[in-house]
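Novice: Take a look at the following structure, please.
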Amino acid sequence: MADRSSGPQAEELDLRLREVQELQLIKGIPFPRRVRFRQLLVTGPPGSGKTTLMRAIGGWPDEGYIDLSQPNWWRSRQLTFRPRQVHLGFPFRGHPRALALFEKEWVTSPTTPELAPERIYLPPSAGRWSLRNWRKRYVFEFQLPPADKVFAARQERSCRQTHPVDAEVSLDQVRSQLAVYSAVAQFLDRAGLLVYIRDDFGGKPKRIRNIGDDPPTRTRSKRSRERHAGMSEIPLLERPGSDRLVGTKVRVGLWDLPVEITVGPQKVQAHPELIPARESETRTQSVILLDPEEYSTRISGFVRLEPGDRTRIGKGEEDYQISLQLPDDILPRLQIANEGEWLKVSDLDSPTGSTVSTLEDPGEGGQLARDRAQRLERVLEIYGGPLRPLERTAALTVLEAVNDNLERDPFRPPDSRGLPGGLVELPARLTPVIVGDLHANLDNLLTILSENRFVEEMAEDRAVVILLGDAVHLEDGDRISEMDSSMLMMDLIFKFMLAFPGRFIYLLGNHDSFSHEVTKEGVEQGRLWKRSLREERGERYVEQMQRFYDLSPYIVMSDDFLCCHAGPPMGGVSREKVIDIQRHPRLQHQLTWTRLKTPGKPAGYTKSEVVAFKKAMGLAKTDPLIVSHTPADEKGTVWINVGGVKHHHLVYGARLGKVAVFTRVGSRIVPLIYFSGSYQELWGD
């Protein structure tokens, strides 16, 4: 869905413009360095020089027409071939359809029609309703020379009789047309579209100067001013290009990423992190550093550099989230810094030298964004269509099949009843992907399923996703009684449990219950959950959900980690008790409800229970115990050595805007934090 917003009126605007400092030449014509050739759409009133510019740069020869008052104009086939010039149709008050400024209704109107900007459709930015950031797909160049020059050019064309639209044109008419285009240029610019202006024939491109564009110089510290001035002295790597560094530096514009940095045998790629963000915003200033070989072949770590961040590669600088491939006899030191608009690469002490090379133009969104989109398509394929709650018969069929699979889980030793017990023992070959409480935050689950190679590795029987329970019941205080999102969340989880039996595991949490104990802010979410399921899907479905709870495990472990929903039991535990957990209700309650001892919870568990739990399960003190249930603060998603207890970590998956997992990178269990986007376009109507 697109936005329809209000904006400026078509009065003759005196646009405040600022020159673009960083330029590139395309066929001898200056353009902003950030502009890619295939993004260009050139527009403006008749006689403004569009055709001349298109011929000069070798653009698409045919003119296009775009009606800005039509939904999805940004998907028009007219925009398939670029660069090209386009005429725009604008909505005006008193006119039911959009008008181009050369049409009879506009030209012959006794007064200048009033622009109706509230009828202009704005394309979606990444993440509000679309994974694709349509507002960054095109670059609009508005040709807006002075009115007297446009008028003179049109008079000359009129004498040649090459353009009927120039017959009887007046200077006032030209001024009105320029005013309309100026108003729309400013409107689109303020809405976040990429807009440039040429305010003279043959002039250089400029940007519209808006309030807040230029902070007072006094707000910048002396050190900041010196660093900003110093950046211009560092060579700029242009696309396409490569630079050899030996004790030197180079800078790369973030708009020219990705680049590959070679240090001896080690390769590191720097990619822009484009997130389908919320509220019409897109994160474009953070940079992801990754090992391209690891990224393409297995679950891999990465380093995120936000503006102001820097990292080093080399002796004494190894980052555990990128498995460096440097031999012992090669000890280069390389620094990579995100300077806001620039990525600065500095060879600090490298006898062998370093190389920085631009990669092939990745096209829209870049490799990471394309991979994310492909994985989301896979999610929809597994789910069987748009993400909306299943029809009641289909939902019951899926849940019954999940329960049948749970009775045959090969990684769960049988309990005294002969059924799979409360413990999952994973082989070391499976890489865990441990996810904390999601609490009906579907966007966060979709983020996990679309990042890294989690889904691919599950499909290849090399990874297992482990949900630490409590996937239901929204945390939002205004919506804690809403249960539809919980149904959809469980539908998606059940579909993945069917698609990847034994490799998509759900541990029981305290909210996975119909109990009256499950309450929040006075709302009995457990009982409300049961009533909602009965009303929407019938008594048989409620019975099968209870069966799912009865069959679900409580603990997952492997050779190097242990995880459960809440925390270690208090008062003694053994592997045998965990397996036969249906005979130990107190143990069930502790694994799903217990909390770390704090001043406000003096009855909670302590370091001694953590150590005893690991020992009872046959693990070493240094193997991590990972839980969820009790976030340490209101903003975080990962806590290392929570409560001061070493090798005891907490991950929480319900935060808005970010989500984390614990996974194995190399030989270590490490946290990876992802910015979470909004994927509502996948949710159907």
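The values are calculated or read from the model by the stated rules, or taken from the named source; none is laboratory data. Bear in mind the structure is a predicted one, so any value in this text is a computation, not a measurement. Cβ placement follows ideal geometry from the backbone for every residue including glycine, while neighbour counts extend to all protein chains displayed.
Novice: So, in the stretch 541-560, exactly how many residues are in contact (Cβ under 8 Å) with a residue 40 or more places away in the chain and within 20 Å of Leu587 (Cα to Cα)?
Specialist: 10
Here is a yes/no grid of residues against (1) under 26 Å from Ser450 (Cβ atoms); (2) crowded, with 18+ Cβ neighbours inside 10 Å; (3) modelled with pLDDT under 95:
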residue: Leu387; (1), (2), (3): yes, yes, yes
residue: Thr397; (1), (2), (3): no, no, no
residue: Val402; (1), (2), (3): yes, yes, no
residue: Arg408; (1), (2), (3): no, no, yes
residue: Pro414; (1), (2), (3): no, no, no
residue: Gly418; (1), (2), (3): no, no, yes
residue: Gly422; (1), (2), (3): no, yes, no
residue: Leu426; (1), (2), (3): yes, yes, no
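Novice: Here's another thing I want to ask about it. Of the residues that sit in the stretch 56-81 and are within 33 Å of the chain's Cα centre (by Cα) and either outside the structural domain of Leu178 (by TED's automatic domain parsing) or among the β-branched types (Val, Ile, Thr) (or both), which one is surrounded by the most Cβ atoms within 10 Å (Cβ to Cβ)?
Specialist: Here the residue is Ile66.
Novice: Another question, if that's okay. Would you call Thr80 under 28 Å from Arg119 (Cβ atoms) and β-branched (Val, Ile, Thr)?
Specialist: Answer is yes for this residue.
Novice: Just to be sure before I move on: is Lys646 charged (D, E, K, R) and either part of a strand (DSSP E or B) or under 25 Å from Val424 (Cα atoms) (or both) in the structure I sent? Talk me through it step by step, then tell me what you get.
Specialist: Values: charged (D, E, K, R): yes; either part of a strand (DSSP E or B) or under 25 Å from Val424 (Cα atoms) (or both): yes.
Answer is yes for this residue.
Novice: Criterion first (assigned by TED's automatic domain parsing to the domain that holds Met570 and closer than 30 Å to Leu274 by Cβ) does Val659 satisfy it?
Specialist: Considered against the rule, which asks whether it is assigned by TED's automatic domain parsing to the domain that holds Met570 and closer than 30 Å to Leu274 by Cβ, Val659 comes out as yes.
Novice: I need a count of the residues in the stretch 36-49 that are under 18 Å from Asp199 (Cα atoms) and either within 35 Å of the chain's Cα centre (by Cα) or part of a strand (DSSP E or B) (or both).
Specialist: Of the residues in the stretch 36-49, 5 are under 18 Å from Asp199 (Cα atoms) and either within 35 Å of the chain's Cα centre (by Cα) or part of a strand (DSSP E or B) (or both).
Novice: Which pairs have Cβ atoms under 6 Å, sit 6 or more apart or on different chains, and link a residue in the stretch 235-256 that is in contact (Cβ under 8 Å) with a residue 40 or more places away in the chain to one that is among the polar types (S, T, N, Q)?
Specialist: Arg239/Thr358; Pro240/Thr358; Gly241/Thr358; Ser242/Ser357; Arg244/Thr355; Leu245/Ser354; Lys249/Ser346
Novice: Another question, if that's okay. Just need a number here: residues in the stretch 82-122 that are among the polar types (S, T, N, Q) and buried (at least 21 other Cβ atoms within 10 Å of the Cβ).
Specialist: 1
Novice: Out of all the residues in the stretch 156-175, is one or more among the β-branched types (Val, Ile, Thr), at pLDDT 90 or above and closer than 28 Å to Arg38 by Cβ?
Specialist: no
Novice: Right, next: Which condition from (1) buried (at least 21 other Cβ atoms within 10 Å of the Cβ); (2) outside any loop (DSSP other than H, G, I, E, B) is the one that Ser608 breaks?
Specialist: Of everything listed in (1) buried (at least 21 other Cβ atoms within 10 Å of the Cβ); (2) outside any loop (DSSP other than H, G, I, E, B), Ser608 misses just condition (1).
Novice: Select from the stretch 516-540 the residues that are among the basic types (Lys, Arg) and touching a residue at least 40 places away in the same chain (Cβ under 8 Å) and write down the one among them that is surrounded by the fewest Cβ atoms within 10 Å (Cβ to Cβ). So that I can check it myself, show each step before the final result.
Specialist: In the first step, residues of the stretch 516-540 are kept if they are among the basic types (Lys, Arg); the result is 520, 527, 530-531, 534, 537, 540.
Within this subset, residues satisfying the condition of being touching a residue at least 40 places away in the same chain (Cβ under 8 Å) are 520, 537, 540.
Working: Lys520: 16, Arg537: 21, Arg540: 13.
Per the criteria, the residue is Arg540.
Novice: Out of the residues in the stretch 552-561 meeting the condition of being surrounded by 21 or more Cβ atoms within 10 Å (Cβ to Cβ) and not hydroxyl-bearing (Ser, Thr, Tyr), tell me which one is farthest from Ala401 (Cα to Cα).
Specialist: The extreme case among them is Phe561.
Novice: Can you give me the number of residues within the stretch 178-194 that are outside any strand (DSSP E or B) and closer than 18 Å to Gln39 by Cα?
Specialist: The total comes to 6.
Residue-wise test of (1) surrounded by fewer than 18 Cβ atoms within 10 Å (Cβ to Cβ); (2) more than 25 Å from the chain's Cα centre (by Cα); (3) at pLDDT 95 or above; (4) among the acidic types (Asp, Glu).
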| position | (1), (2), (3), (4) |
| --- | --- |
| Lys601 | yes, yes, no, no |
| Phe613 | no, yes, yes, no |
| Leu625 | no, yes, yes, no |
| His648 | no, yes, yes, no |
| Arg655 | no, no, no, no |
| Pro671 | no, no, no, no |
| Ser678 | no, no, no, no |
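Novice: Which one of Gly203, Gly192 is out of contact with any His (no Cβ under 6 Å at 6 or more places or on another chain), modelled with pLDDT of 50 or more and at positive phi?
Specialist: Gly192
Novice: Same structure again: Before we move on, is Ser486 farther than 20 Å from Leu396 by Cα and hydroxyl-bearing (Ser, Thr, Tyr)?
Specialist: So Ser486 fails the test.
Novice: Which of the residues spanning the stretch 563-578 are surrounded by 23 or more Cβ atoms within 10 Å (Cβ to Cβ) and not small (Gly, Ala, Ser)? Quick ask: steps written out before the conclusion?
Specialist: Let us first name the residues in the stretch 563-578 that are surrounded by 23 or more Cβ atoms within 10 Å (Cβ to Cβ), namely 563-569, 578.
Within the stretch 563-578, Cys563, Cys564, His565, Pro568, Pro569, Val578 qualify.
Novice: If a residue must be of a type outside the set (A, V, I, L, M) and touching a helix residue (DSSP H, G or I) at 6+ places or on another chain (Cβ under 8 Å), how many such residues does the stretch 178-197 contain? Spell out the reasoning first.
Specialist: Just the residues of the stretch 178-197 that are of a type outside the set (A, V, I, L, M), to begin with: 181-182, 186-187, 189-190, 192, 196.
From the residues that got through so far, the ones that are touching a helix residue (DSSP H, G or I) at 6+ places or on another chain (Cβ under 8 Å) too are 187, 192.
Within the stretch 178-197, residues that are of a type outside the set (A, V, I, L, M) and touching a helix residue (DSSP H, G or I) at 6+ places or on another chain (Cβ under 8 Å) number 2.
Novice: So, Gly469, is that one touching a helix residue (DSSP H, G or I) at 6+ places or on another chain (Cβ under 8 Å) and surrounded by 15 or more Cβ atoms within 10 Å (Cβ to Cβ) or not? Walk me through it before giving the result.
Specialist: Working: touching a helix residue (DSSP H, G or I) at 6+ places or on another chain (Cβ under 8 Å): yes; surrounded by 15 or more Cβ atoms within 10 Å (Cβ to Cβ): yes.
Yes, satisfied.
Novice: Would you mind listing the helices (runs of 4 or more DSSP H) fully within the stretch 502-590 where at least 3 residues are of a type outside the set (Lys, Arg) and over 35 Å from the mean Cα position of the chain (by Cα)?
Specialist: It comes to 539-551, 575-579.
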